[in-house]
Amino acid sequence: MKHRFFSFSISFVLVVMAFVTTFTQLAQEKQPAVTPVHKQTSGQSASPKRPLYQIDATYHPERDEVAAKMKVTIPHKGRDAWREVFFHLYPNVFREWKYGKEGKPTKPGYIQVSQVKVNGRAVKEKLVRDEIMRVPLVQPLAHGKTAQITMDFTLRLPHGGTRLNTFKHTAFLAQWYPMLAVKNQSGWQIEPYTTVGDPFYSEMSNFQVSFHLPEGYRLISTGKNLDSGSFVTIKQDRVRDFVAVLTKDYQKQSAKAGGIAVNLWYLPGMEKAVAPLLHAATQSMNFFGKIYGKYPYDEVDVVLGETGFGIAGMEYPGLITSIPTMQTEAGIQPAVSVVAHELAHQWWYGVVGNNQAKEPWLDEGLTTFSEFLFMKEKMKSDEHEFLRRATKKADEIHQVAGITCVDTLYSYPDIFYGLMVYIRPAAMLFELMDELGRDKVLEILRAYYDQYQFKTATTLDFIRVANKVAEKDLTPFFREWLYFDKG
Ligand SMILES: [Zn+2]
């Protein structure tokens, strides 16, 4: 995600500093972090078996509703047998909004699950929190086995929701179906929702999603677009999530970035931003593909529009959202840096995954670095001085507030989040370029992409790859920049 109020400027840094003095108070009111970051385990090992979601959904715009049947085939992973599985029901956070009045939907939304069966036998699911559902397994799921869970669900779309939203003749379906939680060596990863950052974590899965669409609607999604029709089925393998935009109003212009189709979707009134943003999108897809490695899908969709309070853009597999224009020092301009940022997430978060709730810097830091590098080398916009000053401010904030770049989402007040999680790690990689050279740093990122694509990586994995490629121990460098540990 890119924060809307994140104009990367010195005035932003000054605003941040104004909040430093009140931080201690704020921090006391915050919930404790779910798990200390230092207890992170290593990335998951490769497994050819992935969950398969089969969803058959019908959209009823007249009642803001999606009614669906879902079958999820879940392979066992790890050593111990499973007695239960957990699903995230993110739409339920919009039922009774607890996250500040600015982002409150104008009309609530929710998801209702029924008829849950495991391997054909009815079971009693339970909400352990509003947005977390536990499904007991009839028999323990042992190594090498799969469980088949079926359920019906009804999604009521909020109005004015963050990411999940509907307006006029368009529905943004983000985190819209029961999403299987990740189980790793630390157990089930069921971190709570928050409006700071992106509290989502899911593993690579295969999808077969069918939509019954009302007349005149079309589907834009994580998968390859098909010509519109009243019934469409999309198959997409090896993605972490499946987002869908159902719309009567969006139009598109397309271009190619190498062999990849780049589609820019826009609404009436956004025409001026279309050509520059389509150009920026194809340029950034080419740029990131060249420096990091191949984008593994056939197509990417850029959907212009508002997707929630404070959010300039959001990343999903194969699809991003972005505001069409933004305020810059040169006045209102097409949101080129937002599009570049969200597209860089296709590499960092989309293909190489990380637990975004526990280690948000790992995708946001690498993505912000990618965005700044693109803006510098392709758009002639050099933010070196801003990064230098922001780094200094981050040091001061750390001294007052104790937070670092490697904390969980729940540790940061919103105002410090961008500086610590996005900007300082980006400045770190530019500093590393000064020390090792541009080519060596890009070689590190290429090796990291190559080694962890379609997997989940951790901070320690990243440092390990960097040390190996650089052929020297960079751990003290990373400890100083990320952990503020000066040895
Ligand atoms: Zn981001």
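Read-outs throughout are calculated quantities, based only on the coordinates presented, and are distinct from any laboratory measurement. No experiment lies behind these values; they were computed from the predicted model shown. Using ideal geometry, Cβ is built from the backbone for each residue, glycine included, and neighbour counts are taken over all protein chains shown.
Full extension of the chain segment joining ARG479 with SER210 gains 92.1 nm, where the gain is 0.36 nm per residue of separation less the Cα-Cα distance. In this simple spin-label model, placing a label point 7 Å from the Cα along the Cα-to-Cβ direction at both PHE231 and LEU127 gives a separation of 3.3 nm. Pair-distance distribution of segment 100-206: all C-alpha pairs, bin width 10 Å, starting at 0; shares per bin in whole percent are 11, 38, 34, 14, 2. Loop sites by DSSP among the GluC sites (Glu not before Pro) of the chain, restricted to those with at most 11 other Cβ atoms within 10 angstrom, leave 330-470 as the longest stretch without any of them.
Loop-located chymotrypsin sites (Phe, Trp or Tyr not before Pro) in segment 220-284 (DSSP state other than H, G, I, E, B) with a sparse environment of at most 12 neighbouring Cβ atoms within 10 Å are absent. Note on SER322, SER205, SER114: ascending count of other Cβ atoms within 10 Å places them as SER114, SER205, SER322, the fewest first. Please work out whether segment 357-399 counts as rounded, prolate or oblate from its C-alpha gyration tensor, where a ≥ b ≥ c are the square roots of the eigenvalues and a/c under 1.5 means rounded, while otherwise a/b larger than b/c means prolate and anything else oblate? It is oblate, given that a/c is not under 1.5 and a/b is not larger than b/c. Of the trypsin sites (Lys or Arg not before Pro) found in segment 159-250, those that fall in a DSSP loop while having at most 13 other beta-carbon atoms within 10 Å are LYS168.
Cross-link reach is defined here as a Cα-Cα straight distance under 20 Å, omitting same-chain residues fewer than 8 places apart; for LYS71 the aspartates and glutamates meeting it are ASP56, GLU84, GLU125, GLU131, ASP152, GLU203, ASP237, ASP241. Checking every one of the trypsin sites (Lys or Arg not before Pro) in segment 307-394 against DSSP loop status and a limit of 15 other Cβ atoms within 10 Å picks out LYS380. Shown here: segment 51-110, whose C-alpha atoms stretch 45, 30, 14 Å along the first, second and third principal axes, sorted largest to smallest. The length gained on full extension between GLU377 and ARG79, counted as 0.36 nm times the residue separation minus their Cα-Cα distance, comes to 102.6 nm.
The base-10 log of I(q)/I(0) for segment 222-326, evaluated at q = 0.18 Å⁻¹, reads -0.94 [Debye formula, identical scatterers on Cα atoms, solvent excluded]. Pairs of alpha carbons in segment 348-484 separated by more than 26 Å make up 18% of all such pairs. Model label points for LYS71 and GLN112, set 7 angstrom from Cα along the Cα-to-Cβ axis, are 2.5 nm apart.
Ranking of LYS98, LYS104 by neighbouring Cβ atoms within 10 Å, starting from the fewest: LYS98, LYS104.
Straight-line reach from LYS107: taking Cα to Cα under 17 Å and skipping same-chain neighbours fewer than 8 places apart, the aspartates and glutamates in range are GLU62, ASP64, GLU65, GLU96, GLU306. Compactness of segment 160-257 is given as radius of gyration and Dmax, 15.5, 47 Å, from Cα positions.
Dividing the mean sequence gap of close Cα pairs (under 8 Å, 6+ apart) by how many residues the chain holds gives a relative contact order of 17 percent. In summary, segment 54-248 shows an alpha-carbon radius of gyration equal to 1.02 times the 2.2 N^0.38 Å reference for compact globular proteins. Only DSSP H runs of four or more residues enter the estimate; each adds -39500 (n - 2.57), and after division by the residues of the chain the mean residue ellipticity at 222 nm equals -9000 deg cm²/dmol.
Compared with the alpha-carbon gap, the fully stretched path from LYS98 to ASP434 is longer by 116.5 nm at 0.36 nm per residue.
In summary, the chain shows an alpha-carbon radius of gyration equal to 0.94 times the 2.2 N^0.38 Å reference for compact globular proteins. Three principal axis extents describe the C-alpha atoms of segment 404-487; from largest down they are 36, 30, 22 Å.
Hydropathy at least -0.5 by Kyte-Doolittle, axial extent at least 24 angstrom from the Cα trace: which helices of the chain, defined as entire DSSP H runs, fit? Helix filter hits for the chain: 271-292, 360-379.
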